[in-house]
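Read-outs throughout are calculated quantities, based only on the coordinates presented, and are distinct from any laboratory measurement. These figures come from a predicted structure and were not determined experimentally. So basically every Cβ, Gly included, is an ideal-geometry build from the backbone, and we count neighbours across all protein chains shown.
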Amino acid sequence: RLERHEEAVDAYRKAADICCDKGNYLRGAKLYEEQCHDAETALVTLRRGWPGTSQSQDCLRAEFRLLAKEGRHGETEQRVRELTGPTLESRHILPLSEVLSETAGNYPDEILRDTVADATRVIVSRKLITSRNTTATTEDRRLLKTIEQLAPEDRLLHRDCERFLQERESKQPVQTYRLRQTTTPPEVCDRWQLPSEGIQWQTAKASNRHFYALGFRETPGFPENSLVLLRGNWNGHDTFPEMVEWKSPVVLHLSKPSVLLAPSPNDSQDIWVCLTNGPPLPERVFSGNKPQSAHTPPWATRSTLALAQTANGVSWAISGQEMLLLSVFSADHVPIVTRALTGDVPQEILAQGRTPTIHARSEGLVLGLGNRLIFLDANHRDMEISLANPIIGLSGSAPHSRVRVAASFQDGGMVIWKDTQRKRHFGHGLVAPQTAFTVTGKLVAVDQSRIEVYNTSRNDLVFESSMPSLGQPVSVMSVERNGFAVLYENGELIHYRIAE
């Protein structure tokens, strides 16, 4: 305001010099450009930040933005050639490729965008070829991501990148669990005998207070099936389990379609019950000490293939006929998100209406499609991991804990840590195991022969104990802090506790 412009510029220049002396090249360059109006010195400063500093990627991004702003496209092309030339060190390829991929998408000169994109492909290919005999790493995934970002609309490119990773994964030696020196099998602490005559239990779920079992009742001499839902209380036998039923013609001639059961984890919402490719189920009410309604949610359709509720009242649904849709609804049935899911979908899911496997958390949904493990959220921050085998079941760690997922295969399964993408095999010899995580992070895997317990803390999988199973499991549920329950096909529900 005193119009002492030269003195002000000198002061800003001294401040910029101080920033550079402290290694803050980004701040120094900004002062040179915006306050001193000296783009040339700003560019020189930004180049001092690449490579070898904590600001290296940000400095390189800022350099390309400034060159574009100044219209110095020839210098941009020359700079790209310098960066990607024979002196480029292997350890700098990943950060450089990420910046170049972004620049190829937003640089104002179209011809130069193509040049930058080609340079990105060249250095990424160079890096991947040198490591072709090793297994896929997180760095490989990030490198391939930069290639995909060059053509986000190209689904074939995404598929090819996934195939490349799968080929690398096939070279990875099987990493399994460690053995703990002292093991104590779980103890039985309670049991219930659910009605079994004429009823084939299909699935079971748990809430904080109740257990729910859903099955078909067959009546001799009648071709129709009725659907029964049972609710029991975990707190002993003071209240005998209650049961509601949907009789024909609601379940008329459906030949046992897939059934979906989604109670509220904290019993704050109605219980969702749905028949895939079937009519909506009208309301049925459990009276008891805590009245609850069970019915098909109002937004569900015949093409709904998977359902889940979370403790915050949000419902997640997967539906589709020609393609799969992810839908998210609030507790009062207001749609929050609806979007299509991309990538290959196993034909048996769309053609035959088979239910995909899901695990819901407040922050997102985990979906198993074929051998694809997909982490979804409402903000499109998706992540996908390719596994070696088709996924037939999913379970996940407790809310507000580190995200771990157990994917069941026809033989055994695999635990995946989302944040590190670390993978460990479990349950060798278990046939299509049913799984659940306890609140304390123990993984329980059950088939018709045995029950196995693993510890999943500290980024590793440790086998702790094993005991005989009582038959073919229908479902495994987490109960209280360190317990679990197994519903067997014969209607026996056993509550086990793991010693701490």
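Looking at segment 70-123, which GluC sites (Glu not before Pro) are DSSP coil and have at most 10 other C-beta atoms within 10 Å of their C-beta? Please list the in-between numbers first.
Values: sites: GLU70, GLU75, GLU77, GLU82, GLU89, GLU98, GLU102, GLU110; in loops: GLU89.
Those that pass, being in a loop and sparsely packed, are GLU89.
Specify which labelled value, from (1) 1.23; (2) 1.09; (3) 1.29, agrees with Rg/Rh (Cα atoms, Kirkwood Rh) derived from the coordinates of the model shown.
Among (1) 1.23; (2) 1.09; (3) 1.29, the one calculated here is (2).
With a ≥ b ≥ c the root eigenvalues of the C-alpha gyration tensor of segment 80-159, is it rounded (a/c under 1.5), prolate (a/b larger than b/c) or oblate? Intermediate results must be reported in sequence, preceding the final value.
Numbers: a/c = 2.22, a/b = 1.20, b/c = 1.85.
Oblate, since a/c reaches 1.5 and b/c is not below a/b.
For CYS274, CYS20, what ranking results if the residue with the fewest other Cβ atoms within 10 Å of its Cβ goes first? Each step should come with its number before you reach the end.
Values: CYS274 25, CYS20 21.
Going from sparsest to densest Cβ surroundings: CYS20, CYS274.
Quick check for me: using +1 on Lys/Arg Cβ and -1 on Asp/Glu Cβ, what's the dipole size of the chain about its Cα centre, in debye to the nearest 20?
On the way: 57 positive and 61 negative charges, 184 e Å.
Here the chain has a charge dipole of around 880 debye.
Could you please state, rounded to a whole Å, how far the C-alpha centre of segment 90-128 is from the C-alpha centre of segment 404-444?
A separation of 38 Å, based on Cα centres.
Anything over 21 Å Cα to Cα? Flag those among LYS418/LYS442; LYS205/LYS442; LYS290/LYS442; LYS145/LYS418, in the order listed. Write out the running numbers ahead of the final one.
Values: LYS418/LYS442 17 Å; LYS205/LYS442 18 Å; LYS290/LYS442 30 Å; LYS145/LYS418 17 Å.
Flagged as over cut-off: LYS290/LYS442.
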